[in-house]
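Note sheet for the following structure.
The values are calculated or read from the model by the stated rules, or taken from the named source; none is laboratory data. Small disclaimer: the values here were computed from a predicted structure and weren't measured. So basically every Cβ, Gly included, is an ideal-geometry build from the backbone, and we count neighbours across all protein chains shown. Accessible surface areas use protein heavy atoms only, side chains included; no ligands, DNA or RNA. Shrake-Rupley method; radii C 1.70, N 1.55, O 1.52, S 1.80 Å.
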Amino acid sequence: MTNLALWVGAFAFVVIFKVEVDDEGLEDLDLTTSEKYFARYMLLGIMGAIQGAITTIGNLIIGVQTVNAPLYILTGVITSLVYLSITFALSTTFMHIGKGLCVALIIVQIPGASGLYPIEMMPGFFQKLNPFLPFTYSIRAMRECIAGYYDHTYVKNLTVLWVFVALALFIGLVLRPLLMNLNH
């Protein structure tokens, strides 16, 4: 449920706050599209990092036991930033369509990431989708912090989460300029 809360929080940021930088008063700075993208992401990222910390610290307060509490909190912060990068990239690139994609992603990630039931118990569709969902890797990383570390599973899962960030940056920085008029 922590992953669900972090995704919904990241999505709420891109719904509530304006995702585009207002150029009024910035004409003299001659900012590039990438600079504006990163500036807005960093503003939202500060709130996203705080959200990740508060959520995981709250879990610890209500009694979630962990093998490594500081690493659990760090995983929550990283997860929040990853989810924010995905929702922000989709929302800025595809506007309303992107926000709809964020909602569709949450719907398939809940059953498809093995957070509620083992993936082996889910229908074949979700088993095939499982490796392509960011929830899968965040849930596994958090399980490592809670239940103990095995091999290099924690590092592998965080590495895959960073691949999702790279994909989000590709969507937001490379595809976005090419698709600016899609929503119109």
For segment 12-18, what does the Karplus curve 6.51 cos²θ - 1.76 cosθ + 1.60, with θ = phi - 60°, yield as ³J(HN,Hα) per residue in whole Hz, taken in order and with x for Gly and Pro? 4, 4, 7, 8, 6, 8, 5
Mind checking segment 1-71 for trypsin sites (Lys or Arg not before Pro) that DSSP puts in a loop (not H, G, I, E or B) and that have at most 11 other Cβ atoms within 10 Å? 18
Estimated vicinal HN-Hα couplings, Hz - segment 115-124 in sequence order (Karplus 6.51, -1.76, 1.60; Gly, Pro = x): x, 9, 10, x, 4, 5, 8, 8, x, x
Counting only protein heavy atoms and rolling a 1.4 Å probe, one gets per residue an accessible area for segment 1-137 in Å² of 51
Residue-count net charge about residue 113 - beta-carbon cut-off 14 Å; Lys, Arg +1, Asp, Glu -1: +2
Segment 1-83, Kirkwood Rh and Cα Rg, ratio Rg/Rh at 1.12
Note, segment 78-93: 3J(HN,Hα) by Karplus (6.51, -1.76, 1.60, θ = phi - 60°), whole Hz, Gly/Pro = x, goes 4, 4, 4, 5, 5, 5, 5, 5, 5, 5, 5, 4, 5, 6, 7, 7
Assigned charges on the beta-carbon of Lys, Arg, Asp, Glu; the chain dipole about Cα centre (debye): 700
Quick query: amide H of residue 179 versus all other amide H atoms, modeled in the peptide plane; which residues come in under 5 Å with a sequence gap of 5 or more or a different chain? none
With +1 at each Lys and Arg Cβ and -1 at each Asp and Glu Cβ, the charge dipole magnitude of segment 11-107 around its Cα centre, to the nearest 20 debye, comes out at 660
For segment 1-104, listing GluC sites (Glu not before Pro) in a DSSP loop whose Cβ sees at most 13 other Cβ atoms within 10 Å gives 20, 24
Quick query: amide H of residue 31 versus all other amide H atoms, modeled in the peptide plane; which residues come in under 5 Å with a sequence gap of 5 or more or a different chain? none
Which whole-number percent gives the relative contact order of segment 100-184, counting Cα pairs below 8 Å spaced six or more residues apart? 20
Evaluate the Debye formula for the chain with equal point scatterers sitting on the alpha carbons, no solvent, and hand back log10 of I(q)/I(0) at q = 0.10 Å⁻¹, in q order, two decimals. -0.42
Express the carbon and sulfur contribution to the solvent-accessible surface of the chain as a percent, rounded to the nearest whole number, probe 1.4 angstrom. 70
Within segment 5-44, whose backbone N sits under 18 Å from a point 7 Å along Cα→Cβ of residue 180? 19-40
Pairing the Cα long axis of helix 153-169 with the longest principal axis of the chain, what angle in degrees results, from 0 to 90 and rounded to the nearest 10? 20
Estimated [θ] at 222 nm from DSSP helical runs (n ≥ 4, -39500 (n - 2.57)) normalised by residues in the chain, nearest 500: -23000 deg cm²/dmol
